[in-house]
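What follows is a set of notes on a single structure, which appears directly below.
The values are calculated or read from the model by the stated rules, or taken from the named source; none is laboratory data. Since the model is a prediction, treat every value here as computed from it, not as a measurement. Note: ideal-geometry Cβ built from the backbone for every residue, glycine included; neighbour counts use all protein chains shown.
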Amino acid sequence: MTDGVDRGPNADDRHRDDRDQAANQPLDVLIVGAGLSGIDAAYRLRERNPDLDYRIVERRSRIGGTWDLFRYPGVRSDSDIFTLSFPWNPWRGQRTVARGDEIREYLERTAEEFGIAERITFDVDVTGADFDSATDLWTVDALVDGEPTTFVTRFLYMCTGYYRYEAGYRPEFPGEKDFRGTFVHPQFWPEDLDYEGKDVVVIGSGATAVTLIPSMAPRAGSVTMLQRSPTYMFPLPWEDPMTKLLQRALPAQVSHTVIRWRNAVSTMLMFLFCRAFPKLSRRLLRRIAIAMLPKGFDVDTHFKPRYEPWDQRLCVIPDGDFYTAIKDGDADVATDTIARITETGVELDSGRHLPADIIVTATGLDLVSFGGASLSVDGETVEPGEKYAYRGYMLDDVPNLAWSVGYTNASWTLRVDLTSQAVAELIEYMRRGGHTRAVPSLRGARPEAHALLELDAGYVKRAGSRLPKAGDRAPWQVRHNLLLDAWDARRYDVTEEMSFS
Ligand SMILES: Cc1cc2nc3c(=O)[nH]c(=O)nc-3n(C[C@H](O)[C@H](O)[C@H](O)COP(=O)(O)OP(=O)(O)OC[C@H]3O[C@@H](n4cnc5c(N)ncnc54)[C@H](O)[C@@H]3O)c2cc1C
């Protein structure tokens, strides 16, 4: 994978080192993935284990993961940036949400500042890993510049995100071969796509569609969001005077901590409020929509979802930009189903025809565990979908392995950071006690299974049996609740339902 990015002068040396590593000493920890989770993992592991010998391997040619891959117009965070950034490296911007390139640069800068960048090897695609119970070591298979290589590590930490990079979810539409225009999936936005004056139809109504549309609207001829069913939208101010005040009054790290906690707790409270009072929250969100959309706009057809607020992720619209684009006549919305794609656009079941030069299929992600790498223990394949997750990040009967997955109802980092602190503590405990193996086990029990990611969203449902499951009791439960998880972290017992040898 090149991405046209220079890997830097040391890349070849590092690849040579990787091959040497395979022949020499095992690593203490191999982190797979140099996105937000991988950088946080490196920091937390070293914070607790300063002499830890770790390395990060990354399939892409740059740091950033999601924030490097997605480059569609207007790409930005859809949760507030103070909780999405690391608690240990202050976000210095003032706006509530941040652009994708700002987040990527922050991740790169952080990795440089904290000595993490020098431990990353790029262009390494991890394809599989096998744990050997005789030696308590993982042998990790990878392709480095297309050549097979192995790494040997005591502990394997998969910070690989939660979706497939090679392809997004893309249903086939009847008649799509007839279309004379251009199809674009937001995961692979062509750098040179010219949409000036063109008619654009965006299929989908998730965070991506809602971000794209106000960004494209001023230049495009027309932009229409085509949705099967509506999504809840929540306006958040781009700038918040209290944030600015705190940043001015307090040292950077202190203000970051205060703003972070304030934002995390208020998002959590809002989530709990929506869950506790669905009718009232529905009414409030509808009122906001009515107030921000043009008079007489059919809010109940286009902005009244069938589900309750927060059954699916609430879409943040900074300063209500999406509603403003509709109010200004720059964007439109159609709530309907596709009959077929024609040569010149999209024919809907209602008989309406949406003209299109460009169709953007904002149809979602294809979820995958462990970055698609296959795992085995003593040669026996681990089927992720058959496994229960221990505290949401280790797997039943799979030793010395962790997977970093964030929250879906709050910023990803809030959970990822708790996970990395817990993994760091586990590794410290193992090293102190001379243990070479830590394995959580249900000892054959099969508790009632729950989804690992709790949202009712299409992309979560589609992944169904491919992802590990959560159980119905601690430490196999996943609660999606920052406050409870943060409380638990204070009383964390590394030995709970975990055996060491
Ligand atoms: C468009 C978009 C917007 C989002 N916005 C938000 C938001 O505003 N707030 C929020 O909380 N969450 C958001 N998310 C969720 C988002 O993915 C997380 O916030 C976060 O960036 C994930 O970080 P990560 O490091 O866990 O995973 P990723 O960013 O996916 O990084 C994983 C890394 O692992 C590498 N990798 C994967 N498999 C392998 C392999 N087999 N071998 C080697 N390397 C591998 C990848 O190349 C990648 O660099 C968004 C997701 C998307 C898709």
**Request:** Please work out which one of (1) touching a residue at least 60 places away in the same chain (Cβ under 8 Å); (2) touching a strand residue (DSSP E or B) at 6+ places or on another chain (Cβ under 9 Å); (3) closer than 30 Å to Val124 by Cβ is the condition Pro190 fails and give its number.
**Result:** (1)
**Request:** Looking only at the range 236-270, count how many residues are among the aromatic types (Phe, Trp, Tyr) and out of contact with any strand residue (DSSP E or B) (no Cβ under 9 Å at 6 or more places or on another chain).
**Result:** 1
**Message:** Among the residues that make up the range 111-129, is at least one of them within 28 Å of Thr211 (Cβ to Cβ) and within 14 Å of the ligand (Cβ to nearest atom)?
**Reply:** yes
**Sole residue being of a type in the set (Asp, Glu) and either within 10 Å of the ligand (Cβ to nearest atom) or in contact (Cβ under 8 Å) with a residue 40 or more places away in the chain (or both), chosen from Asp53, Asp101, Asp28** = Asp28
**Prompt:** If you take the residues in the range 65-79 that are near the ligand (Cβ under 8 Å from one of its atoms) and not hydroxyl-bearing (Ser, Thr, Tyr), which one is surrounded by the fewest Cβ atoms within 10 Å (Cβ to Cβ)?
**Reply:** Phe70
**Item:** Residue satisfying condition, being closer than 16 Å to Leu30 by Cα and assigned by TED's automatic domain parsing to the domain that holds Pro384, within set Leu426, Leu418
**Value:** Leu426
**Request:** Take the range 234-283 and flag every residue that is over 23 Å from the mean Cα position of the chain (by Cα) and closer than 18 Å to Asn409 by Cβ.
**Result:** Phe273, Ala276, Phe277, Pro278, Ser281, Arg282
**Asked** Any chance the range 309-318 includes a residue that's in the same structural domain as Val346 (by TED's automatic domain parsing) and surrounded by fewer than 15 Cβ atoms within 10 Å (Cβ to Cβ)?
**Response** no
**Asked** Given the range 168-249, what strands (runs of 3 or more DSSP E) lie entirely inside it while holding 1 or more residues that are assigned by TED's automatic domain parsing to the domain that holds Thr408 and surrounded by fewer than 16 Cβ atoms within 10 Å (Cβ to Cβ)?
**Response** none
**Message:** Six or more apart or on different chains, Cβ atoms under 7 Å: show the pairs whose first residue is in the range 203-224 and at negative phi and within 16 Å of the ligand (Cβ to nearest atom) and whose second is of a type in the set (D, E, K, R) and modelled with pLDDT of 95 or more.
**Reply:** Thr211/Arg76; Pro214/Asp321
**Fill in**
Filter the range 150-162 for residues that are modelled with pLDDT of 95 or more and hydroxyl-bearing (Ser, Thr, Tyr); the one that is farthest from Gly406 (Cα to Cα) is Thr150
**Item:** First in the range 428-451 and without any contact (Cβ under 8 Å) to a residue 40 or more places away in the chain, second anywhere and surrounded by fewer than 17 Cβ atoms within 10 Å (Cβ to Cβ), Cβ under 6 Å, 6 or more apart
**Value:** Glu448/Asp472
